[in-house]
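Here the structure is laid out as structure tokens; the discussion comes afterwards.
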Amino acid sequence: MGRTQLEKQKTHEKIVETASRRLREAGLDGIGVADLMKEAGLTVGGFYKHFASRDDLVAEAIHSAFDSWGRKLETEGINPAEMTAADIAERYVSTYHRDNPGEGCPFAALTSDISRSGEKARAIATDGLRRNFAGLASRVAGADEGERRRKAIMAFAMMAGGVGLARISSDEALSAEILETIRDFVAAIDK
């Protein structure tokens, strides 16, 4: 790869990373292309050298957001495949995740936004749901695969929804209670 192509790839990754974080912080409609490019230290004119449309950027940013948790764990020396359901809940349903949506799960930050977005973003989110359900199902107790999958769907929905509810609560004690209750529930269904 030539220097120019490498520079273009790095610029592209910077735009996607910035968009991924900012979209989780402000929502899909909360930041425009001009603001995003400015935050990435680039000009608006360069946007279309990297993306055919804003929808393409949103889809790529959402895809990046789904993979960011695993990348973050790996940089901390943690193998996500070795985590129990209780370990996942401890990190996911936390005050850190509640207070830092730009670094967190796109489901906890963008569920309603993604449901109203284009087919490309929804397909990426659907794939993310499938992967999360399968990964969690392999970590929970159950008599058979169907029961483990149902428990995984319930646990993930509670974790993502719980973080969202904890974010909207203006009562710190209630917010903490929501997080603790969900962590305890998921730990109880762990293998």
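The values are calculated or read from the model by the stated rules, or taken from the named source; none is laboratory data. It should be emphasised that the depicted structure is a prediction, and the values quoted were computed from it without experimental measurement. Positions of Cβ are backbone-derived with ideal geometry, glycine not excepted, and every protein chain shown enters the neighbour counts. We work out accessible area using only protein heavy atoms, side chains counted, and drop any ligands, DNA or RNA first. Shrake-Rupley method; radii C 1.70, N 1.55, O 1.52, S 1.80 Å.
Which condition number in (1) in a helix (DSSP H, G or I); (2) more than 22 Å from LEU28 (Cβ to Cβ) is the one that ILE124 fails?
Of everything listed in (1) in a helix (DSSP H, G or I); (2) more than 22 Å from LEU28 (Cβ to Cβ), ILE124 misses just condition (2).
Quick one: in region 58-75, which of the residues that are in contact (Cβ under 8 Å) with a residue 12 or more places away in the chain and open to solvent by 20 Å² or more (accessible area, probe 1.4 Å) is nearest to ASN132 (Cα to Cα)?
Selected residue: PHE66.
Please identify the pairs in which a residue from region 6-17 that is within 15 Å of SER64 (Cβ to Cβ) has its Cβ atom under 6 Å from the Cβ atom of a residue that is surrounded by 15 or more Cβ atoms within 10 Å (Cβ to Cβ) and of a type in the set (Ser, Thr, Tyr), counting only partners at least 6 apart or on another chain.
Listed pairs, sorted by first residue: VAL16/SER64.
With the requirement that a residue be open to solvent by less than 80 Å² (accessible area, probe 1.4 Å) and among the aliphatic types (A, V, I, L, M), what does region 150-161 give you? Steps first, please.
As a first pass, look at region 150-161 and keep what is open to solvent by less than 80 Å² (accessible area, probe 1.4 Å): 151-153, 155-161.
Of everything in region 150-161, those that are open to solvent by less than 80 Å² (accessible area, probe 1.4 Å) and among the aliphatic types (A, V, I, L, M) turn out to be ALA152, ILE153, ALA155, ALA157, MET158, MET159, ALA160.
Within region 134-149, how many residues turn out to be under 21 Å from the mean Cα position of the chain (by Cα) and either in a loop (DSSP other than H, G, I, E, B) or surrounded by fewer than 17 Cβ atoms within 10 Å (Cβ to Cβ) (or both)?
Total meeting the criteria: 3.
Could you look through region 21-55, keep only residues that are in a helix (DSSP H, G or I) and touching a residue at least 60 places away in the same chain (Cβ under 8 Å), and pick out the one that is most open to solvent (accessible area, probe 1.4 Å)? Before the answer, list the steps.
Applying the first criterion (in a helix (DSSP H, G or I)) to region 21-55 yields 21-26, 33-39, 44-49, 54-55.
From what is left, the residues that are touching a residue at least 60 places away in the same chain (Cβ under 8 Å) are 21-25, 55.
Working: ARG21: 79, ARG22: 55, LEU23: 10, ARG24: 19, GLU25: 85, ASP55: 103 Å².
Among them, the one singled out is ASP55.
What's the total number of residues in region 106-121 that are assigned to a helix (DSSP H, G or I) and more than 11 Å from the chain's Cα centre (by Cα)? Walk me through how you get there before you give the answer.
As a first pass, look at region 106-121 and keep what is assigned to a helix (DSSP H, G or I): 106-115, 119-121.
Narrowing the set further to residues that are more than 11 Å from the chain's Cα centre (by Cα) leaves 112-115, 119-121.
Count: 7.
Just the residues that are part of a helix (DSSP H, G or I) and either crowded, with 17+ Cβ neighbours inside 10 Å or touching a Ser or Thr at 6+ places or on another chain (Cβ under 6 Å) (or both), please, taken from region 92-105. Show your work before the answer.
Of the residues in region 92-105, the ones part of a helix (DSSP H, G or I) are 92, 95-99, 101-103.
Correct list: TYR92, HIS97, ARG98, PRO101, GLU103.
Just name the residue that is surrounded by the most Cβ atoms within 10 Å (Cβ to Cβ) out of those in region 162-191 that are without any contact (Cβ under 8 Å) to a residue 12 or more places away in the chain and closer than 18 Å to THR111 by Cα.
SER169
What residue, of ALA121, ALA108, is over 17 Å from GLY70 (Cα atoms) and touching a His at 6+ places or on another chain (Cβ under 9 Å)? Lay out the reasoning, then the answer.
Numbers: ALA108 fails: over 17 Å from GLY70 (Cα atoms).
On inspection, the qualifying residue turns out to be ALA121.
Would you check if there is a residue in region 76-89 being closer than 29 Å to ASP29 by Cβ and either open to solvent by 40 Å² or more (accessible area, probe 1.4 Å) or not hydroxyl-bearing (Ser, Thr, Tyr) (or both)?
Here is the first cut: in region 76-89, the ones closer than 29 Å to ASP29 by Cβ are none.
Taking every residue of region 76-89 in turn, none turns out to be closer than 29 Å to ASP29 by Cβ and either open to solvent by 40 Å² or more (accessible area, probe 1.4 Å) or not hydroxyl-bearing (Ser, Thr, Tyr) (or both).
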